[in-house]
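Take a look at the structure set out below.
Bear in mind that the values in this text are calculations on the coordinates, not laboratory data. This structure is a prediction, so every number in the text was calculated from the model and none was measured. Using ideal geometry, Cβ is built from the backbone for each residue, glycine included, and neighbour counts are taken over all protein chains shown.
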Amino acid sequence: MLSGDAAVTSGDAYVRTYSIKSNMNAVQKNLGYCPQYDAIIEELTGREIIRLFARLRGVPEERITNLVDTLGSDLLFSEHMDKRCGAYR
């Protein structure tokens, strides 16, 4: 419920004073998300995965392309960014 993955059936919870019932966008901007499995969607490319997670974390759209390119370069991964994640094995 806190991450918005499941609907709230009753009650309420707050993250930094933001209600999960009435202000989920603000709640999600203040949460980290670390999936325990299936963090990589094999059909997407590395570039698409980073864009997806950047959007989930609330990175402004105009900053995402630069962020993706910088991460690819800094992690020495640029040549693999446009390959499907399922092909990384």
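Simple spin-label estimate for L52 and I64 gives 1.2 nm between the two label positions (7 Å along the Cα-to-Cβ direction from each Cα).
Here the dipole of the chain is about 240 debye; that uses its Cα centre as origin and unit charges on the Cβ of Lys and Arg (positive) and Asp and Glu (negative). Computed over the chain, the per-residue total of -39500 (n - 2.57) for DSSP H runs of n ≥ 4 gives a 222 nm mean residue ellipticity of -10500 deg cm²/dmol, rounded to 500. A dipole drawn for the chain from +1 and -1 charges on Cβ atoms has a positive end, and of L2, A13, A54 the residue lying farthest that way is A13. Our estimate of slack between N30 and L76, defined as 0.36 nm per intervening residue step minus the Cα-Cα distance, is 13.6 nm.
Which is the longest run of the chain containing none of the chymotrypsin sites (Phe, Trp or Tyr not before Pro) found in DSSP loop states (not H, G, I, E, B) with at most 15 other C-beta atoms within 10 Å? Don't skip to the end; give the middle numbers.
On the way: sites that count: Y33, Y37, F77, Y88.
Answer - 38-76.
Only one residue of N66, F77, T45 has its Cα farthest out toward the positive end of the dipole of the chain, where Lys and Arg carry +1 and Asp and Glu -1 on Cβ, and that residue is N66.
Computing FRET efficiency as 1/(1 + (r/R0)^6) for K83 and L2, where r is the C-beta to C-beta distance and R0 is 41 Å, gives about 0.75. Compared with the dominant Cα axis of the chain, that is its longest principal axis, helix 46-56 is turned about 20°.
Contact order for the chain, expressed relative to its length and based on alpha carbon pairs under 8 Å spaced 6+ residues apart, stands at 26 percent. Across the chain the C-alpha pair distances fall into 10 Å bins from zero in the proportions 15, 37, 29, 16, 3 percent. The GNM of the chain, with springs linking C-alpha atoms under 10 angstrom apart, assigns the highest mean-square fluctuation among L76, L44, L56 to L76.
Helix 61-74 and the longest principal axis of the Cα set of the chain meet at an angle near 50°.
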